[in-house]
Amino acid sequence: MLRTSMTIQKRLFSSARTLAKDVNNLTVIGGGQMGLGIALVAANKAGVNVKLVDTSDAALDKGMAFLQKLLSKDIKKGRLTEEQAKDITARVTPTTDLTGALKDTDMVIEAVPEIPDLKFKIFSQLAKEAPADAILATNTSSISITKIAAAAKGAENRVVAAHFMNPVPVQPGVEIIQALQTDKSIVDDTLAFVGRMGKVPSLAKDSPGFIANRILVPYINEAVIVLESGIGSAKDIDAMMVNGCAMPMGPLALADFIGLDTCFAIMNVLYKDTGDSKYRPSVLLGKMVDAGWLGKKSGKGFYEYK
Ligand code: NAI
């Protein structure tokens with residue numbers, strides 16, 4: 001009896017590993033700062049073919065130009081040869097045709113903006129159009145994986161989160177989050193794949209903010225509240241946290257880097273899903289998002305960017 005159940009477990013485990021080895025074609029949806037980073041590391045370290053999907057040629061051109069910039073940096077620093085960079089570029093195909101990209105995909109990683117209805121719509125399409133054994137992963141920072149899985153009607157058990165950290169080529173950490181509906185084999189396959197990408201995974205439960213953002217974003221939000229309360233200037237707040245608290249960068253500079261829209265969206269999820277007033281988003285943060293001051297990506301946030 002014991003041996004039989006061990007054999008079944010072994011079989012499940014080995015089928016999970018086999019599937020992971022079979023991820024040759026990856027679809028990344030959203031060619032912004034996260035999607036582009038994921039595409040680059042997957043093509044470089046895991047050696048897979050990547051379809052990078054965005055809504056317009058302009059967005060894709062911007063993404064591919066950024067990819068070239070990152071590769072040139074790697075060549076200059078001696079981390080890649082020109083030949084290797086060419087191979088990596090050849091493995092990444094930009095496209096606006098999601099349906100076409102899904103045809104032969106083994107795994108999807110969605111990295112569109114942190115808007116729940118947008119993600120639900122995409123996962124509903126993935127359930128209908130992706131191959132029946134494809135892993136359907138989201139890079140959401142805060143939206144319930146269980147809710148995203150529920151939107152993938154008929155494919156709920158294949159939805160998982162692979163929450164990469166920014167910048168993806170630099171940060172080794174990835175949170176792997178299982179929805180209530182996710183099959184364990186999908187979690188195992190995802191762990192194996194991020195391992196091929198050279199990442200170090202942490203397992204987290206599907207709970208508001210998971211591990212990283214449950215801790216990090218309230219810290220950033222508090223720094224914005226300190227600023228709006230007039231306790232210190234942006235420069236002084238950041239300098240104190242860097243020089244006095246051993247943080248590698250100040251919370252407001254970090255917010256600009258992450259994107260103020262993303263930070264605000266995460267705080268709103270923490271506030272709404274826990275019902276706890278300690279997660280109230282800063283009013284100033286919301287106003288800056290309304291003004292389109294999203295940080296580095298828009299040229300203005302707590303600081304100005306050329
Ligand atoms: P971004 O705004 O830089 O990029 C989003 C991209 O998605 C844009 O290129 C946009 O044109 C594209 N897009 C929008 N609708 C689309 C659609 N229907 N189909 C295909 N592409 C579409 O955003 P970013 O920062 O890359 O964030 C993406 C996701 O990653 C969000 O869920 C965010 O919460 C998460 N994330 C962000 C981190 C950060 O530090 N910015 C860190 C970890 C996760």
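The values are calculated or read from the model by the stated rules, or taken from the named source; none is laboratory data. Note that this is a predicted model, so its numbers are computed, not measured. Virtual Cβ from ideal backbone geometry, glycine too; neighbours counted across all protein chains shown. SASA here: full protein model, heavy atoms, side chains in, ligands and nucleic acids out. Shrake-Rupley method; radii C 1.70, N 1.55, O 1.52, S 1.80 Å.
The condition of being modelled with pLDDT of 95 or more, open to solvent by 10 Å² or more (accessible area, probe 1.4 Å) and either under 27 Å from Met249 (Cβ atoms) or more than 15 Å from the ligand (Cβ to nearest atom) (or both) holds for Leu191. The stretch 199-261 holds helices (runs of 4 or more DSSP H) entirely within its bounds, and those carrying 3 or more residues that are surrounded by fewer than 20 Cβ atoms within 10 Å (Cβ to Cβ) map to 212-228, 234-243. In the stretch 260-306, which residues are among the β-branched types (Val, Ile, Thr) and closer than 17 Å to Ser142 by Cα? Residues satisfying the conditions are Thr262, Ile266, Val269, Thr274. Comparison of Leu67, Leu71, Leu102 shows that the only residue that is touching a helix residue (DSSP H, G or I) at 6+ places or on another chain (Cβ under 7 Å), at pLDDT 95 or above, assigned by the TED database to the domain that holds Leu40 and away from the ligand (no atom under 14 Å from the Cβ) is Leu71.
Residue by residue, here is whether (1) open to solvent by less than 20 Å² (accessible area, probe 1.4 Å); (2) over 21 Å from Leu191 (Cα atoms) holds:
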site: Ala46; (1), (2): yes, no
site: Asp54; (1), (2): no, yes
site: Ala58; (1), (2): no, yes
site: Asp61; (1), (2): no, yes
site: Asp74; (1), (2): no, yes
site: Lys77; (1), (2): no, yes
site: Ala85; (1), (2): yes, yes
site: Ile88; (1), (2): yes, yes
site: Asp97; (1), (2): no, yes
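In the stretch 278-300, the residues that are over 17 Å from Pro251 (Cβ atoms) form Cβ pairs under 7 Å with partners that are open to solvent by less than 30 Å² (accessible area, probe 1.4 Å), at six or more places apart or across chains, as follows: Lys297/Gly259.
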